[in-house]
Amino acid sequence: MNVQFRAGAEPASTVAVKSAIADCDIHPARATATELYPYLAKRWHEHLETYGKHPYQGMMEGPPYPKAQPNASRRDAWPPEGGPQGSSLSFMQKQHLDPNNVALGILCPLNTGQGLRNQDLSAALASAINDWQIDKWTSQDSRLKGSVVVANEDGPAAAAEIRRRAGDKNFVQVLLLSRNVEPLGQRRYWPIYEAAEEAGLPIGVHAFGFGGNPITASGWPSYYIEEMVGHSQCQQTALASIVLEGVFERHPKLKMVMIEAGFGWAPSLSWRLDKSWQRLRGEVPHVKRPPSETIRDHIFWTTQPMEDPERRDHLFEVIEWVGWDKLLFATDYPHWEYDDPSRVLPAGVSDANREAFYLDNARKLYGLA
Amino acid sequence: MTRHVIAPVEELPPGTRKFLTIDERPIAVFNIKGEFFGLLNRCPHQGAALCEGPLIGLAQSSDPGEIEYTRLGEIIRCPWHGWEFDIRTGQSYCDPKRFRARAYPVNVEPGASVVKGPYVAETLAVSVESDYVVVDL
Amino acid sequence: MGADSGSQGPPMDGAARAPYGIGVEVLRTEVNRRHAQEQTPEETNVMTSPIAGGVDCDLHPAVPHLTSLLPYLNDYWRDQVTTRGMTDLVSQSYPLNSPITSRPDWRPAAGKPGSSLEDMKTQALDRFGVSYAICNPLYGVQMVFSEDMADAFCRALNDWLVKEWLDKDQRLRGSIVIPVQSIEKSVAEIERCAKDKRFVQVLMLVMGDMPLGKRAYWPIYAAAERLGLAVGIHAGSNYHNPPTSVGWGSYHIEDYVAQAQAFQTQLTSLIVEGVFARHPKLKMVMLESGFTWLPSYLWRLHKFWRGVRMETPWVDRAPVEIVRSNIRFSLQPIDAPPDPATLNRLFDHMQSDELLLFSTDYPHWQFDDDAVLPEGMSSDLVRKIMIDNPHATYSRLKSAVTQETTP
């Protein structure tokens, strides 16, 4: 008996794989524990081997909420030569960049030195990761561009790293995470925004990280699914902080990208921010404009994990509210919640919007048009 | 329908699977405790190589905290998004029904305790003839 | 994607749209065109009037001062309060003079907003012609750390509500404030107050010590379900955790905006922990939560649940179904786009007309004049929100009430 049906599903449109796309969230990994050593001062080798990394959560091996798949990655993405998923450029090219015609791939390295309690180690690892991105990735494949990883809890050190990399064409953005010791709008992070704006680099705020706070405002939840869904709420709050602290009033040229936290919540958060600001603006006189306008002007959104309502007209309405010109396609390769480029957008999208979604918006934002 | 000989039975002991292509279709044949089942190696969700996923059991619960874990080795998890599919029938398990009698509208087949999810992986008829595993395609 | 292809939506020609419904002619024209197709001749985009006989599901009678509770405390606690110089329990969630805490025309010349029953009658009960009004006292008892002290204050607060509010106006109903510092004491207080049929709900805060779905809380839910009480989760924090999921912000406005995100994580907790698998008859009401975030939130939860089902196999129905059967939202605040037609599209995204319960959130400032209902609502929907949905949620509303004193 041959049975094939997808009850109630509409056929996904197939992007001809010959059309070039941008992938604005790729996660390169280290193949071995010592792969960063060439880029790290020797004192840190011994330090790491003796004391290890101390993040703002208790576990030294693996995450506190176990993932859905090993390394949170697709099981078919283990490179044949060994090493974890995402650690082999040649396999990434073969499995993803080439067949999906990725013309622009933005690297967002995770599990680096961000979110560590030892700020000196954090800064050293950040610099090492940035050297590694150039050496192993961006200088080997011109389609790939890196993100400047910084010691996120040490404003001056982070600013110094950004200034060091400013003007280097290997990098197109600065990378931060959404969960930090304080909400991202707080002034301890202002040196980062100043340096990024000065360098003409947007800031990618990627979901995740640990800052020592419970990951909900009512304590620590039980399950991984709560953490995964909760990235949406953490990103909302981090963005609200950035807007309400007046970061964009101070840095009008700065742009930010919300990475891997969804975008469907953008309209309702904007409406709530506007309504609250209308009432409470006396408390925050430095916020000069309705928050929805600030968000509209300064914020971009990567598409993965793509919102997936039952009715595609609902999806299209939400995209209209967010703006077709603000979305940046991403797969999150090699992670398990990967969005396949040929399946992710339903039929019924104009060519202009499709091209904006898959490539043009990213090229414009990252200065590669 | 054409019959394709896959392999001698001893090449496919219980708990193993064999990947092959027939008429350009990627398929996998599984030996589940002595019985054979075939699946198209393409997840109906986003097209991943479904049959490369790990085999697990079926987790069900009639009360939070209590887990009944049965049918070990008969459920495959897609290597991408982890959706669970029954090897025997290709049925997905992402929309199960409640396990207590309740009155609200769901689709239930008589005798089944789990409602079928909307996705079904394509299955193929597999039989054993004279110690050979045979697929009808 | 679903089989229903629905309408095609607004023209998608790559032109950048203004954000979020702020006055773009093309978008407005398109959604109005589709909305007009659904409207009957009497319905136009003018203020929607409330109908008489409704249920106001969220009002806040104010405790004037901690000393107001002294008559309801035993000798020991009375002396503790006075001899240790305890003054008042005011939560940062509602600074007394902050704009949201009171609408200007509802702010009394002296005393706290919401402290006068006469004012509440004129400004809310009579004004909107309701038959029932559910009082949710917001007094900072949850911030206290000692479980004995919290218990004493909660008992006093519930007794105060009965004597000074419920006894004085037949329309009023109450929520039982519980000392969540102790589950045992919470259950005892629920059982004590539930004897008075005018209590229709148990009240908890959205930001507490633990996510609300955690099993430690379940005896509270069991008691509520058994006694026919709803559980109301209200905006506000006990500040035992940072009031956002990413730490302590600087401003009251940040805390207030963050309430919506807290409701979202709490919904996830309640659903995936299986509270409604264990207690299928229990209704929970999200109070002063906003609701325009609900559709996109459910899309994300549903998407992840499909891939990680095995982690919580007792979640045996799609999360959206659980929300439809067990969760409700009070109407105010409406975090709406300025364009009413866009709000109607959102109602469509919610795919159920049973989720919203009428509320004024008195005396909080969420709307002006009489514009408590969104523009352009059909009379069917008005009736559902004001009458049908609240009665379906609060089964005790129509209980025969004898003026039983709470023991």
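Annotations for the structure displayed:
- When the helices (runs of 4 or more DSSP H) confined to the stretch A:139-245 are screened for residues that are within 14 Å of another protein chain (Cβ to nearest Cβ), of a type in the set (V, I, T) and farther than 30 Å from A:A68 by Cα, those reaching at least 2 such residues are found at A:224-244.
- Sub-8 Å Cβ pairs linking a first residue in the stretch A:344-369 that is under 23 Å from A:L201 (Cβ atoms) and within 8 Å of chain C (Cβ to nearest Cβ) to a second residue that is open to solvent by less than 20 Å² (accessible area, probe 1.4 Å) and at pLDDT 95 or above, at least 6 apart or interchain, are A:A356/A:W324; A:A356/A:L327, ordered by first then second residue.
- Qualifying residues in the stretch A:295-329 (those that are touching a residue at least 40 places away in the same chain (Cβ under 8 Å), in a helix (DSSP H, G or I) and in contact with a Pro (Cβ under 8 Å, 6 or more places away or on another chain)) - the one farthest from C:T342 (Cα to Cα): A:I295
- B:P44 vs. criteria within 14 Å of chain C (Cβ to nearest Cβ) and at pLDDT 90 or above: no
- The stretch A:43-63, residues that are in contact (Cβ under 8 Å) with a residue 12 or more places away in the chain and under 23 Å from the mean Cα position of the chain (by Cα): A:K53, A:H54, A:P55, A:Y56, A:Q57
- Residues considered: C:S245, C:S296, C:S250. Of these, the only one that is modelled with pLDDT of 95 or more, farther than 21 Å from C:V141 by Cβ, at the interface with another protein chain (Cβ under 7 Å from one of its Cβ atoms) and touching a Phe, Trp or Tyr at 6+ places or on another chain (Cβ under 8 Å) is C:S296.
- In the set (1) in contact with an Asp or Glu (Cβ under 9 Å, 6 or more places away or on another chain); (2) at the interface with chain C (Cβ under 7 Å from one of its Cβ atoms), the condition left unmet by A:R296 is number (1).
- The stretch A:88-121, subset closer than 12 Å to A:P28 by Cβ and within 18 Å of the chain's Cα centre (by Cα), residue surrounded by the fewest Cβ atoms within 10 Å (Cβ to Cβ): A:N111
- Qualifying position, being assigned to a loop (DSSP other than H, G, I, E, B), buried (at least 24 other Cβ atoms within 10 Å of the Cβ) and at pLDDT 95 or above, among A:F263, A:F248: A:F263
- The residue list C:V275, C:V285 contains one member that is more than 7 Å from chain A (Cβ to nearest Cβ), buried (at least 24 other Cβ atoms within 10 Å of the Cβ), touching a residue at least 60 places away in the same chain (Cβ under 8 Å) and more than 15 Å from the chain's Cα centre (by Cα), which is C:V275.
So that you can scan it fast, the table gives a plain yes or no per residue for (1) surrounded by fewer than 24 Cβ atoms within 10 Å (Cβ to Cβ); (2) closer than 20 Å to C:F263 by Cα; (3) more than 14 Å from chain A (Cβ to nearest Cβ):
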{"residue": "C:R173", "(1), (2), (3)": "no, no, yes"}
{"residue": "C:I183", "(1), (2), (3)": "yes, no, yes"}
{"residue": "C:M210", "(1), (2), (3)": "yes, yes, no"}
{"residue": "C:G213", "(1), (2), (3)": "no, yes, no"}
{"residue": "C:L227", "(1), (2), (3)": "yes, no, yes"}
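- Number of residues in the stretch A:300-316 that are more than 7 Å from chain C (Cβ to nearest Cβ) and either in contact with a His (Cβ under 8 Å, 6 or more places away or on another chain) or open to solvent by less than 10 Å² (accessible area, probe 1.4 Å) (or both): the value is 6.
- Failed condition for A:G264, given (1) closer than 17 Å to A:P290 by Cα; (2) within 8 Å of chain C (Cβ to nearest Cβ); (3) touching a residue at least 12 places away in the same chain (Cβ under 8 Å): (1)
The values are calculated or read from the model by the stated rules, or taken from the named source; none is laboratory data. Predicted model only: the values in this text are computed from it and were never measured. In this analysis, Cβ positions are derived from the backbone assuming ideal geometry, glycine residues included, and neighbour counts consider all displayed protein chains. Please note that ligands, DNA and RNA were not included when accessible areas were found on the heavy atoms of the full protein model with its side chains. Shrake-Rupley method; radii C 1.70, N 1.55, O 1.52, S 1.80 Å.
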